[in-house]
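The structure appears below as C-alpha cells.
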Amino acid sequence: MKKSNSSSLKIHVYPAPILKKKAKSLRFIGDEERKLFDAMIELMQQAGGVGLAANQVGLDKQMLVIDIGTGPIKIANPKITKRSGRKAMEEGCLSLPEIIVKVKRAEHVVVKGINEQNVEIKFDAHNLLARVFQHELDHLKGKLIIDYAPWYRKILLQKKFALSSKEKKK
Ligand code: ZN
C-alpha cells in the first residue's frame, strides 16, 4: 500500500466497508476540499491510476479526480445527465489490485458537477473518459467492478480478498 509524502492518504482496498458506502454530497468546496483534491491527484499519479474517488481514500465525500493523460479533472457532486451507446471493455481498479473485469458501459456521457471554485462544470465525455467517469461515479455509489462480474466469479473474488485481508492483519 503506497502512502503519499504530502499527506496521510492511502488507497483503501476491497473489502474495506467505506468502498460499499454511498458518499455524501458537499454543500461547499473549501480549503480542506481543495487540498484533498490535490492530494488525491498526487496519490492517483503515484499509483498509476486514471481516476480516484474520495471514498477510495477513506473519505465520505462526493469528490473525484480523473486524469487520462489530458490533464487532471477535479469534480465534486458529479451526476450523469445523459448517456448513449454501449460497449463492454476490461477494467481494473486501484481498490481491487490485480483484478480485471469486463464491464458494459455507455460510450458517451454528459457529467455535471462543481469544480474546486464552487462553479458548475459540465463534461461531454466520450470513450475512455466516459468510461472512467462511470467507473468513478460507481465508486461514489458504493459500486465496484466486482459487482459486474458473473456471480460465480464474484464469489471467488470475494474469497480471495477476504483471505488476503486476513493475511495482512496477521
Ligand atoms: Zn476503481
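The values are calculated or read from the model by the stated rules, or taken from the named source; none is laboratory data. Note that this is a predicted model, so its numbers are computed, not measured. Cβ placement follows ideal geometry from the backbone for every residue including glycine, while neighbour counts extend to all protein chains displayed.
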Might you check whether a residue that is of a type outside the set (Phe, Trp, Tyr), closer than 16 Å to LEU140 by Cα, surrounded by 17 or more Cβ atoms within 10 Å (Cβ to Cβ) and within 16 Å of the ligand (Cβ to nearest atom) occurs anywhere in the range 24-39? no
The range 132-158 residues that are within 12 Å of GLU91 (Cβ to Cβ), paired with ones that are acidic (Asp, Glu) (beta carbon under 6 Å, 6 or more apart): ILE145/GLU91
The lone exception for LEU129 - which of (1) part of a strand (DSSP E or B); (2) away from the ligand (no atom under 12 Å from the Cβ); (3) surrounded by 15 or more Cβ atoms within 10 Å (Cβ to Cβ) it fails: (1)
Given the condition within 16 Å of the ligand (Cβ to nearest atom), farther than 16 Å from PRO72 by Cα and under 18 Å from the mean Cα position of the chain (by Cα), answer yes or no: does some residue in the range 109-120 qualify? no
Per the list (1) buried (at least 19 other Cβ atoms within 10 Å of the Cβ); (2) of a type in the set (Ser, Thr, Tyr); (3) over 19 Å from ILE99 (Cα atoms), residue check on THR81 breaks on (1)
If the requirement is being surrounded by fewer than 18 Cβ atoms within 10 Å (Cβ to Cβ), aliphatic (A, V, I, L, M) and within 21 Å of HIS12 (Cα to Cα), which of these qualifies: ILE145, ILE121, ILE100? ILE100
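Taking strands (runs of 3 or more DSSP E) that do not extend beyond the range 41-105, which have at least 3 residues that are at pLDDT 95 or above, β-branched (Val, Ile, Thr) and under 15 Å from VAL132 (Cβ atoms)? Give the derivation first.
Details: elements: 51-53, 63-66, 73-84, 87-93, 96-105.
In the range 41-105, 73-84 are the strands (runs of 3 or more DSSP E) which contain 3 or more residues that are at pLDDT 95 or above, β-branched (Val, Ile, Thr) and under 15 Å from VAL132 (Cβ atoms).
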